[in-house]
Amino acid sequence: MKKILLSLGMIVFVGAVAAGATGAFFNDTETSTGNTFAAGDIDLKIDNESYAIDYTIPGYENPTGLLAVSTSTSWGLKDLTVEKFFNFTDLKPGDFGEDTISINVGSNDAWVCAAANITSDNDNSIIEPEDEVNTTLNDGDGTTNGDLDSALRFAFWVDDGDNVLEDDEVASIFINGTLADMGAAGQIALADSAGSILLNDGPIPGDSTFYIAKAWCFGNLTPAAVTQDFSGKTGTNGPLDRGTGVSCDGSGESNIAQTDSVTGDITFYAEQARNNSKFTCQLAV
């Protein structure tokens with residue numbers, strides 16, 4: 001009986017030794033830490049550098065009828081809130097201005113669209129010179145709305161940032177018409193899957209800046225391009241130094257737009273290009 005008990009005790013002891021030895025097997029552990037998904041961004045930012053005949057710039061001191069910087073319609077690269085591309089008053093035929101917009105879409109390639117929407121178009125009051133232009137109808141000057149939107153003409157082109165229409169940029173003019181025409185045009189594709197104004201083809205690359213210049217004229221606007229200086233935006237070769245590169249002739253305008261006013265919105269829209277190869281600006285919200 002003693003021999004049997006001793007054998008059982010040895011079995012228990014050996015089992016305990018075997019259980020304690022399991023940690024000696026070969027093993028290895030690999031750990032990947034800090035796994036991350038990070039979304040890129042489409043963050044459209046716009047700036048504007050604006051010039052106009054000084055009489056049209058509200059609050060401009062001692063105007064002389066020359067082209068001047070319009071500080072109220074110029075700003076650095078930012079998200080738009082209350083900024084205005086146009087804020088001009090007391091317009092007369094022959095007045096003109098020029099702006100250059102820079103567009104940055106953020107870190108990712110993007111399709112970009114633009115649109116103009118006229119929100120009000122008013123006669124305001126029908127004074128005698130305006131009324132005399134059209135006496136065949138009984139509704140004031142013969143129109144139900146204001147006439148300034150049809151008298152203001154615009155040209156938009158792809159610019160190198162110097163705010164001047166240069167000879168090699170004339171072919172890039174993609175809008176040449178009245179403000180009323182712009183309002184009726186709907187979405188304008190600056191770059192979408194059907195084509196690109198800013199590039200030969202494809203979306204706007206991320207972390208890059210493109211420039212669109214726009215000139216306006218109360219009258220007939222025509223290109224008067226200057227020689228390309230290949231300097232881009234340097235701060236010393238803009239329209240105050242070299243002219244705008246466009247000509248404005250107001251001699252053909254009548255009195256029909258006197259006292260009229262027009263207001264509107266300009267919208268830019270950007271959408272990711274990756275995994276979105278079929279996007280067109282007509283689909284933009």
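Observations on the structure shown:
- Between Asn62 and Asn200, full extension at 0.36 nm per residue minus the direct alpha carbon distance yields a gain of 45.2 nm.
- Computed magnitude of the charge dipole of the chain (debye, nearest 20; Cβ of K, R +1, Cβ of D, E -1): 2740
- Length gained on full extension, Ser107 to Ser172: 20.8 nm, using 0.36 nm per residue less the C-alpha separation.
- Here is how the number arises for the chain: DSSP H runs of 4 or more residues each give -39500 (n - 2.57), the sum is divided by the residue count, and the result at 222 nm is -3500 deg cm²/dmol.
- A simple spin-label model places the labels of Thr234 and Asp181 3.4 nm from each other, with each point 7 Å out along Cα-to-Cβ.
- Projecting the Cα atoms of Phe85, Gly106, Asn117 onto the charge dipole of region 75-131, computed from C-beta unit charges around the Cα centre, puts Gly106 farthest toward the positive end.
- Cα-derived Rg over Rh, computed across region 45-283 with Rh taken as Kirkwood radius: 0.99
- In the chain, lysine pairs with alpha-carbon atoms under 23 angstrom apart (chain gap of 8 or more, or interchain): 11
- In this Cβ point-charge picture (+1 for Lys and Arg, -1 for Asp and Glu), region 145-260 has a dipole of about 140 debye about its Cα centre.
- Summing Lys and Arg as +1 and Asp and Glu as -1 over all other residues whose Cβ lies under 13 Å from the Cβ of Arg274 gives a net charge of -2.
- Order of Tyr211, Tyr55 under a 10 Å beta carbon neighbour criterion, fewest first: Tyr55, Tyr211
- Other residues with beta-carbon under 11 Å from the beta-carbon of Tyr55 carry, at +1 per Lys or Arg and -1 per Asp or Glu, a net charge of -2.
The numbers here are math on the coordinates, done by the rules we state, and not lab data. Computed from a predicted structure; not experimentally measured. Here Cβ is always computed from backbone atoms with ideal geometry, including for glycine, and neighbour counts include all displayed protein chains.
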